[in-house]
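Below is one structure, written out as structure tokens, with a few remarks after it.
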Amino acid sequence: DSPVAAVRDTAETKTNGQLKSHGGGAVLFVDCSSFPDDDWAAVKGERPEVRHRPAIVFRARPDGSVEGYEKGNVPLDLSGGLTLF
């Protein structure tokens, strides 16, 4: 019912399904690019838990900019394309 709940639900579905079969070691990317500005602002403000480490929750814009946040130690250098907050 809210963008924050949507992020949590999506992450839980992936964590208990596809990622569980990998036994860890996979980075979860939660794509919020389709969220309108107000919904993304709610996610950005709360930085909801995604119950998986490592994880990136992000939003890409048509102008090419990408911003997001990470949970855990993401073993990738994303500094060239992702602005972390």
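The values are calculated or read from the model by the stated rules, or taken from the named source; none is laboratory data. Only a predicted model underlies this, so the values are computations on that prediction, with no experimental measurement involved. So basically every Cβ, Gly included, is an ideal-geometry build from the backbone, and we count neighbours across all protein chains shown. Surface areas here come from the heavy atoms of the whole protein model, side chains and all, with no ligands, DNA or RNA. Shrake-Rupley method; radii C 1.70, N 1.55, O 1.52, S 1.80 Å.
A 1.4 Å probe, protein heavy atoms only, puts the accessible area of S2 near 50 Å². Shown here is the pair-distance distribution of the chain: with all Cα-Cα distances grouped in 5 Å bins from zero up to the longest one, the shares run 3, 14, 27, 24, 19, 10, 2, 0 percent.
Our helix-only sum for the chain, with -39,500 (n - 2.57) per DSSP H run of n ≥ 4 divided by its residues, gives a mean residue ellipticity at 222 nm of -9000 deg cm²/dmol. For the chain, trypsin sites (Lys or Arg not before Pro) are listed when DSSP marks them as loop and at most 15 other Cβ atoms sit within 10 Å of their Cβ; the list is R51.
Considering only V30, V74, V57, the Gaussian network model of the chain with Cα springs below 10 Å gives its largest mean-square fluctuation to V74. Each Lys and Arg Cβ is given +1 and each Asp and Glu Cβ -1; about its Cα centre, the chain then shows a dipole of about 400 debye. With protein chains left intact and a 1.4 Å probe, residues in the chain average 61 Å² of accessible area per residue. The accessible surface of the chain, taken with every protein chain in place and a 1.4 Å probe, is 48 percent carbon and sulfur.
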